[in-house]
Amino acid sequence: MIEQELLLLGLLRQGPKHGYDIKTKVKQILSLFAGIQAKSIYYPLRVLEQKGLIAKKIGKVGNRPKRIVYTLTAKGKTRFEELLGRSLLELKRPQFSLDLSLYFLHYLKPISARNRLRARLRMLNRISLSMKKLGNLKKNKGHSSLSRILEHNTQMLTAEAKFLFTLIKTL
């Protein structure tokens, strides 16, 4: 819940939002980097409200239906800054889906292993190119935070691709 709490508080730190806005932003952010499961945002928002970290108001604009708008409280801002500071110093070992496969790789025939690894390398290259294109779009629109995330992920993809290239040669 800590990562989800950081994400939701961070989005509200940007300004008040209604549920649909939050849901859309969560999907946009999660499409860039995986790791946070957010099936429903409303339960976590209710928990944050119960903790006094966010407040909700009912708002109405024009002929539109009433919406609940969530805002960050002073306590929520303090908690957000605490979580952000802590998460910058938290080191977790990166987990890659490839690691488990590498452990059992010797059970595949070398030709099959090379073919699968080459296919993975092609997928990584396509993902990396897509991220670079998206990064260029985001830079042009002034999204420096997202550009940093894209750059970080692109460098990790590049490192894995380099590793795969070397591994394929040894099989």
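Tabulated data
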quantity	calculated
Residue satisfying all of: in region 23-44; in a loop (DSSP other than H, G, I, E, B) and hydrophobic (A, V, I, L, M, F, W, C); modelled with the lowest pLDDT among these	Ala34
Residue in region 128-154 that is surrounded by the most Cβ atoms within 10 Å (Cβ to Cβ), counting only those that are farther than 22 Å from Leu7 by Cβ and at pLDDT 80 or above	Ser128
Any hit, region 94-106, residues being of a type outside the set (Ser, Thr, Tyr), in contact with a helix residue (DSSP H, G or I) (Cβ under 7 Å, 6 or more places away or on another chain) and over 27 Å from Glu3 (Cβ atoms)	yes
Neighbours by Cβ (under 9 Å, 6+ apart or cross-chain): first from region 68-80, on the phi < 0 side of the Ramachandran plot and part of a strand (DSSP E or B); second small (Gly, Ala, Ser) and surrounded by 13 or more Cβ atoms within 10 Å (Cβ to Cβ)	Ile68/Gly19; Val69/Gly19; Tyr70/Gly19; Tyr70/Ala55; Thr71/Ala55; Leu72/Ala55
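This table checks each residue for (1) exposed (fewer than 13 other Cβ atoms within 10 Å of the Cβ); (2) of a type in the set (A, V, I, L, M, F, W, C).
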| position | (1), (2) |
| --- | --- |
| Leu53 | no, yes |
| Lys56 | no, no |
| Lys60 | yes, no |
| Asn63 | yes, no |
| Arg67 | no, no |
| Thr71 | no, no |
| Lys77 | no, no |
| Phe80 | no, yes |
| Arg86 | yes, no |
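The values are calculated or read from the model by the stated rules, or taken from the named source; none is laboratory data. What you see is a predicted model, and the numbers here were worked out from it, not measured in a lab. When we count neighbours, we look across all protein chains shown, and the Cβ atoms used for this are built from the backbone with ideal geometry, even at glycine.
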